[in-house]
Amino acid sequence: MSEEQDKKFLRESAEIYEQVLEKIPDDKFSIEALVDIYVKIGDQDKVDDFKERLRKIDAGEKLSSPVPKKKSSVRQVQVKVTGKGGGQKRKVNLNSRPSVSEPVPSNWRRKTEGLDQIKLTKALEDLVFSMQNTLKSQVDLMINLYDIGVLTRKQFSSVVYELSNHKFSRDPQKPEMVMHMLERCPGVALDKVYYFLSRKSNIPYIDLSVMSYNSKLCTLFPKNLIYNQGLVIFKKIGSDYCIAVLNPLNIELMQETVALLNEKVHFYLTSAKEFDLFLEQRKFKSHSSGIYKL
């Protein structure tokens, strides 16, 4: 990583920790992390500022948010993707969804052209599905939950601390996102969490664990995208894709997914536990030569 890229990475990290301080101004872990970051960047004014905040915390003084609160960027997904020739347009349809109980058409075949689009290039992964984008979207979700009082301050700090120590691998061995951490966190009202996410995003909830695992569909996305971002294609009805997500507030990810598939996409919210149970079905599927691999 070049010096310029390293500084960009550090500044993105600083932005994440400053988002946490908007909600918990005296979170020592975030302030100490910011001191370390700005030392590496070479911004002495910022270093002095956050060291002063640490001194005030130790002295028992009450702190205010160090940065102005940003407006929420959460909005209903309305995506248009222009197809070849500039004619055909695709939308994320959140209101008229097909029934997920309908069978996959027997004559469905993957298009070679579509397959080429679905294979994520390294450049696209770096741009859209990088570690920092992953972490930022997870922190944004936590801030939304904290804003409405679903999470206590202790729960918020605990999960953010665990999230900050998590490494989003290029070759992950299992899904591990903020929803997994929330489900492990003592006292979190998960029913309220999922109810809020469904209402806020206008995306319906589905128990993904009862859906059949389809290897052709599930392997359209690479493992690091499924495991690090928490979304998987679980059904195709006609030309429409049905995708389960763990973070329905990650608008950018959903937009990129629609652009990648260039077909109608219907998103459904599911829980981390049900997401994992669904993926575990692959262990019981025979890997015949007919399965497509990316």
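Exposure proxy ranking for V159, V39, V150, based on other Cβ atoms within 10 angstrom of each Cβ and starting from the fewest, stands as V39, V150, V159.
Taking a ≥ b ≥ c as the square roots of the eigenvalues of the Cα gyration tensor of the range 241-286, is the shape rounded (a/c under 1.5), prolate (a/b larger than b/c) or oblate? The shape class here is oblate. Here the simple spin-label model places points 7 Å from the Cα toward Cβ, and for A59 and E280 these points are separated by 5.4 nm.
A simple spin-label model places the labels of E15 and I41 1.1 nm from each other, with each point 7 Å out along Cα-to-Cβ.
Pulled fully out, how much extra length does the chain show between K273 and E162, if you take 0.36 nm times their separation in residues and subtract their Cα-Cα distance? Let's see the in-between values first.
On the way: separation 111, 0.36 × 111 = 39.96 nm, distance 1.81 nm.
Taking 0.36 nm per residue and subtracting the Cα distance, the gain is 38.2 nm.
Calculate how large, on average over all directions, the projected area of the Cα convex hull of the range 3-58 is; give the answer in nm² to one decimal. Don't skip to the end; give the middle numbers.
Details: hull surface 13.6 nm².
In nm², the orientation-averaged hull projection of the range 3-58 is 3.4.
Take each peptide in 207-218, 17-28, 49-60, count the other Cβ atoms within 10 Å of every residue, and average; sorted highest first, the result is 17-28, 207-218, 49-60.
Multiply the residue separation of D147 and L190 by 0.36 nm, subtract the distance between their alpha-carbon atoms, and state the gained length in nm to one decimal. Walk me through the intermediate numbers first.
Numbers: separation 43, 0.36 × 43 = 15.48 nm, distance 1.56 nm.
Once the chain is fully extended between D147 and L190, it gains 13.9 nm.
Only the coordinates and a few stated rules stand behind these numbers; no lab work does. Being a predicted model, the structure only gives us computed values, none of them experimental. For neighbour counting, all protein chains shown are included, and Cβ atoms are generated from backbone atoms with ideal geometry for every residue, glycine included.
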